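See below for the structure under consideration.
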């Protein structure tokens, strides 16, 4: 499930990101994306590629990793993101939901730490 008003666009100096063509109310599920789950041994290979920046730790003890399909890999990081994501290990999916109203043409962001307002430093410079 992916809302039809979402789109990917390029942000000068930042790369690509996810945006909306419509105003979105708070607490709206905007995407439910299946994931491809991989074993820990696969992570060593993935970490040597560009995919390192797009995979998620997976499992109750982070014993696996996954590649999300849909737009999930395209959401940029923000320490005070306007969306949050939830992992469903049994269904092998990630759900993205807004945490506040998002205006038309606004970029949608997630916090790569998991919680939408987690201030722990991420592995790249995210000023």
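The values are calculated or read from the model by the stated rules, or taken from the named source; none is laboratory data. A quick note: this is a predicted structure, and the numbers were derived from the prediction, not measured. Note that each Cβ is placed from the backbone with ideal geometry, even for glycine, and that neighbours are counted across all protein chains shown.
Values computed for the structure shown
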item: Some residue of segment 11-21 being at positive phi, exposed (fewer than 13 other Cβ atoms within 10 Å of the Cβ) and not in a loop (DSSP other than H, G, I, E, B); result: yes
item: Top-ranked residue in segment 1-15 [being modelled with pLDDT under 95 and under 17 Å from the mean Cα position of the chain (by Cα); ranked as nearest to residue 34 (Cα to Cα)]; result: 1
item: Which listed residue, of 53, 105, is outside any strand (DSSP E or B) and within 14 Å of the chain's Cα centre (by Cα); result: 53
item: Which numbered condition residue 26 fails, given (1) in contact with a strand residue (DSSP E or B) (Cβ under 8 Å, 6 or more places away or on another chain); (2) surrounded by 13 or more Cβ atoms within 10 Å (Cβ to Cβ); (3) in a loop (DSSP other than H, G, I, E, B); result: (2)
item: Some residue of segment 103-115 being over 24 Å from residue 9 (Cβ atoms) and either modelled with pLDDT of 95 or more or loosely packed, with under 14 Cβ neighbours inside 10 Å (or both); result: yes
item: From the options 85, 79, residue that is under 29 Å from residue 23 (Cα atoms) and in contact with a strand residue (DSSP E or B) (Cβ under 8 Å, 6 or more places away or on another chain); result: 85
item: Counted residues, segment 92-102 - those being within 27 Å of residue 38 (Cα to Cα) and in a loop (DSSP other than H, G, I, E, B); result: 1
item: Any chance residue 125 is at pLDDT below 95 and outside any strand (DSSP E or B); result: yes
item: Residue match in segment 65-83 (condition: loosely packed, with under 13 Cβ neighbours inside 10 Å and assigned to a loop (DSSP other than H, G, I, E, B)); result: yes
